[in-house]
1. Residue 90 passes all but one of (1) surrounded by 10 or more Cβ atoms within 10 Å (Cβ to Cβ); (2) without any contact (Cβ under 8 Å) to a residue 24 or more places away in the chain; (3) assigned by the TED database to the domain that holds residue 17; which number fails?
2. Please find, within the stretch 33-48, the residue that is surrounded by the most Cβ atoms within 10 Å (Cβ to Cβ) out of those that are modelled with pLDDT of 90 or more and farther than 19 Å from residue 72 by Cα.
3. Restricting attention to the stretch 98-140, which residues are surrounded by 10 or more Cβ atoms within 10 Å (Cβ to Cβ), hydrophobic (A, V, I, L, M, F, W, C) and over 21 Å from residue 153 (Cα atoms)?
4. Having 3 or more residues that are farther than 27 Å from residue 107 by Cα and in contact with a strand residue (DSSP E or B) (Cβ under 9 Å, 6 or more places away or on another chain) is the bar; report the helices (runs of 4 or more DSSP H) wholly within the stretch 1-95 that clear it.
Amino acid sequence: MGQPPGPWTLPVIGSLHHIAGQLPHRALRDLARRHGWPVMLLQLGEVPTLVVSSRSGAREVMRTHDASFATRPMSSAVRVITNGGRDIALDPYGDHWRQMRRIAVTELLTARRVLSFRAIREEEVAAMLRASAASGEEIDMRTRLSAMVADSTVH
């Protein structure tokens, strides 16, 4: 079976020139319409990237090819920050990843555990709203919300 269709590429940057200077989601939409709806292959630098642009296409990929796409490419910086990618988001698919997923589902992501952190989430929202109101000036909500999410995640 051949590779999915995609736009032409350049050495080193691959398909990035097709996306540069545009809103990424719109550039991807336009490329998908031209080169491969619902599936196309982009070369992001040296990394081949499969882009799936429909719900049914994503469902098909996740049901029939999930193990093929489970392991994500990792940069040197990410490898250092995550101790070689040994976390649930970046660990290569295999026994260790399955064990970490099982622990996350049965211990960390239960309804009771998620509810136990509600007070922290509410506290972070209240702090963000107080700081926003106290400034008395126009504010960039994207920056404030990003900081709030980061603070909530770290706690």
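The values are calculated or read from the model by the stated rules, or taken from the named source; none is laboratory data. In this text the structure is predicted, and so the values were computed from the model without any measurement. Heads up, the Cβs are rebuilt from the backbone with ideal geometry, glycines too, and the neighbour counts pull from every protein chain shown.
1. If we test residue 90 against (1) surrounded by 10 or more Cβ atoms within 10 Å (Cβ to Cβ); (2) without any contact (Cβ under 8 Å) to a residue 24 or more places away in the chain; (3) assigned by the TED database to the domain that holds residue 17, just (3) comes out false.
2. Filtering first and then ranking leaves 34.
3. 139
4. Those helices (runs of 4 or more DSSP H) span 24-35, 55-64.
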